[in-house]
1. Around Ile264, which amide H atoms from residues at least 5 apart in sequence, or from another chain, sit under 5 Å from its own amide H, with H modelled in the peptide plane?
2. If you project the alpha carbons of the range 224-376 onto the principal axes, what extent comes out on each, in Å, largest first?
3. Sort 354-367, 167-180, 121-134 by packing, meaning the average of other beta carbons within 10 Å per residue, with the highest value first.
4. Which peptide among 418-427, 109-118 comes first, and what is the full order, when sorted by highest mean count of other Cβ atoms within 10 Å?
5. Which shape class, rounded, prolate or oblate, goes with the range 340-449 when its Cα gyration tensor gives a ≥ b ≥ c as root eigenvalues, a/c under 1.5 marks rounded, and past that a/b bigger than b/c marks prolate?
6. What accessible area per residue comes out for the range 142-214, rounded to a whole number of Å², with a 1.4 Å probe?
7. Give, as a single signed number, the net charge of other residues whose beta carbon lies under 9 Å from the beta carbon of Glu483, with Lys and Arg counted +1 and Asp and Glu -1.
8. Kindly express, to the nearest 10 degrees and within the range 0 to 90, the angle between helix 447-459's C-alpha long axis and the longest C-alpha principal axis of the chain.
Amino acid sequence: MEKFFKAKAWTLLHDPPHKMWAILNLAKYGDERQPPGEDPEKLKELPQHEKEAVYLWHDVGLAQHFGPITTDKQIGHLVKEADRTSSTMDRWFFDQIRRAISERKVPTFKYMSLHNIFDPSLKIELPEGINTDKVRDFAQEIKKILDNLGKGDENYRLAYHLFYSLYELTWIQKGLPPSLAETRIPTHTVFDHLYATASVVNMLWPKGDEVGGYLVEIDIPQIQRVVNAARKAGDFWAGSWLVSMLTWLTAWPFVWKYGPDVMIKPPLRLNPAYLYTLSSKLSRQEAVYQPFRSAVESFFSFWGAESLEELMTVAFIPGTALLLLPPDAEKEVQNVENAFGEVQRVILDWALTGAVDCGGIKDELARESCVAFRDMFGDAESTEEMFLKVASRIRESLGRELFAGLISVRVTAVNLRQVYSCVKEFVVDGRLPKECEGEGVTEEGLRRAEKFVNALKQLQKKPKKEEDWRRTPRHLAFDVALEALAYRKRSGRRRKLVLGKSWFSYGSAISLRREYSRYVFYRRADSGFIYCSTCGAEPAIIHLPRHADDPHAYSSEAKEMLSKEFGLNDEEVEDLVKQMQPGEALGPLCLAKRALYYRFASWYAKRQGKFRLFDSTEDVAFAWYIERLYTKTDLTGKPGDDEL
């Protein structure tokens with residue numbers, strides 16, 4: 001994997017982060033020099049900004065891990081093609097203008113404003129120059145961390161992960177301004193271009209001339225039904241966080257193995273979920289772990305976050321993720337759905353029991369996800385939370401299978417090599433083979449590509465040679481693959497039951513129902529089942545009726561059950577009332593969600609010394625009164641009777 005990660009690392013630097021000022025001769029990074037191992041003749045031939053990129057390659061410490069860059073023809077060619085493919089529209093558009101005005105060379109254009117791509121009237125002014133001393137400090141800051149890495153296959157991967165995560169973060173932290181990627185289209189920065197180009201390497205690996213790999217979507221359907229099933233603020237939080245963590249941990253093995261650039265949606269630049277997971281992965285390498293964590297926490301402290309753990313209280317990853325994977329991931333793509341099931345088991349087991357058990361997981365993807373979760377959160381320490389005591393007992397007595405498959409996933413994949421082949425035949429030969437529809441490539445999906453190609457042909461002063469058009473399909477493949485993915489998702493869509501899993505089968509309904517209803521109809525006539533009072537969809541697995549004369553207390557039967565089945569004393573029962581209200585009935589998913597909230601809050605309290613993750617509904621309801629209390633009461637001493 002050394003070559004793979006070397007190519008991606010060079011992709012992130014092939015245009016230096018100060019590209020705009022270097023091209024316009026407004027700043028020069030470093031004196032002319034001969035970095036060790038580099039080809040002097042090739043270095044001389046490079047434009048000034050690419051020469052400075054080579055200097056940075058050495059100054060940030062990447063040469064120490066991957067060696068010189070100008071002597072590697074394969075990687076040079078691959079990165080050049082990835083650069084062209086990722087900036088397809090810019091290049092095509094300006095090539096037409098250049099030809100129209102008979103310009104042989106690409107002209108430089110000085111423009112110093114960055115515009116909002118959705119509303120170009122909004123812009124920020126960029127400085128005329130850049131402080132190159134700060135650029136040196138930026139390079140040294142990254143080098144200090146990379147220098148602490150050893151050598152070996154795993155460290156090639158780590159070196160790339162560290163550089164990817166620290167690159168833009170350190171640039172911002174040093175107070176350096178963003179450079180435009182293209183001064184003639186001032187809507188995106190050079191970092192936007194570089195990170196996009198690194199993603200394109202996945203589909204052009206290993207040679208750069210042909211398209212391959214896989215476009216994969218991980219989608220949790222009907223997310224709102226999972227999130228909206230809530231009675232407490234903690235239930236809402238847990239539903240959102242659970243969906244986010246399921247998506248993230250299912251994608252993580254690909255992110256770790258092939259690099260963070262495989263994640264197209266959401267991108268992982270400056271993403272706290274990625275940074276915390278990577279930080280946890282590094283925890284056994286003390287020399288790298290501490291400086292990396294310090295750099296990341298220092299960056300986010302600007303926004304008021306005290307630690308990475310505090311950032312993990314937010315669900316940063318949506319319920320849908322899009323991955324662009326290299327050809328090597330063929331076998332793993334087929335196991336994503338199974339890995340999702342294992343990830344769900346790991347998270348819910350931790351919520352209910354506090355344990356993270358990765359033993360016995362045979363699937364490589366699921367095992368990596370489990371290990372990542374264990375590194376992040378670990379086995380929970382003992383807690384006094386009464387709800388967790390109840391949830392753990394239910395999980396122990398009713399078994400793991402009850403909580404399996406509560407949330408489903410829809411995985412859609414497109415083979416980019418086949419899509420590329422279909423586009424090539426369509427553009428070059430004007431025909432679409434029948435087998436292409438099976439991959440999701442239809443004539444309807446190719447209409448935009450066809451119109452674009454026809455428009456290009458009409459703009460040409462001189463007709464292109466036939467071989468020139470053979471490059472065009474490569475530039476269209478990703479866009480057509482997105483259309484194909486949407487088509488396959490629509491045509492293969494099937495309704496999956498997210499809530500209300502059926503536990504009973506004909507012939508075994510009576511025995512199973514008795515087992516699952518033991519905490520529902522305690523000392524009462526078994527009337528079949530009752531629905532969960534939170535989601536209204538699942539059959540409940542625990543019900544604590546309220547007292548006939550006191551709506552804020554459990555019935556005598558409920559108290560007896562809590563004492564006999566769960567070992568709670570009267571004081572503990574009173575504590576439980578705050579976490580599960582009298583009259584509530586909970587199904588498996590709603591029980592697991594609430595347990596997840598209290599488990600995470602307990603973990604967070606141990607790490608941060610804080611239990612509250614956010615303002616609860618009670619906090620919001622009493623906010624006006626609390627504010628009045630603070631303004632009317634002298635909190636420095638004892639309030640007097642009048643103040644009260």
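1. Distant-sequence amide H within range of Ile264: Leu322, Leu323, Leu324.
2. Taking max minus min along each principal axis of the Cα atoms, the range 224-376 gives 43, 41, 30 Å.
3. On the way: 354-367: 15.4, 167-180: 19.3, 121-134: 12.7.
Packing order, densest peptide first, comes out as 167-180, 354-367, 121-134.
4. 418-427, 109-118
5. Working: a/c = 4.29, a/b = 3.36, b/c = 1.28.
Prolate, since a/c reaches 1.5 and a/b exceeds b/c.
6. Values: 2160 Å² over 73 residues.
Heavy-atom accessible area per residue stands at 30 Å².
7. Numbers: positive: Arg448; negative: Glu444, Asp479.
Summing Lys/Arg as +1 and Asp/Glu as -1 gives -1.
8. 20
The values are calculated or read from the model by the stated rules, or taken from the named source; none is laboratory data. Quick caveat: nothing in here was measured; it's all calculated off a predicted structure. Note that each Cβ is placed from the backbone with ideal geometry, even for glycine, and that neighbours are counted across all protein chains shown. Quick note on the areas: whole protein, heavy atoms, side chains included, nothing else; ligands and nucleic acids left out. Shrake-Rupley method; radii C 1.70, N 1.55, O 1.52, S 1.80 Å.
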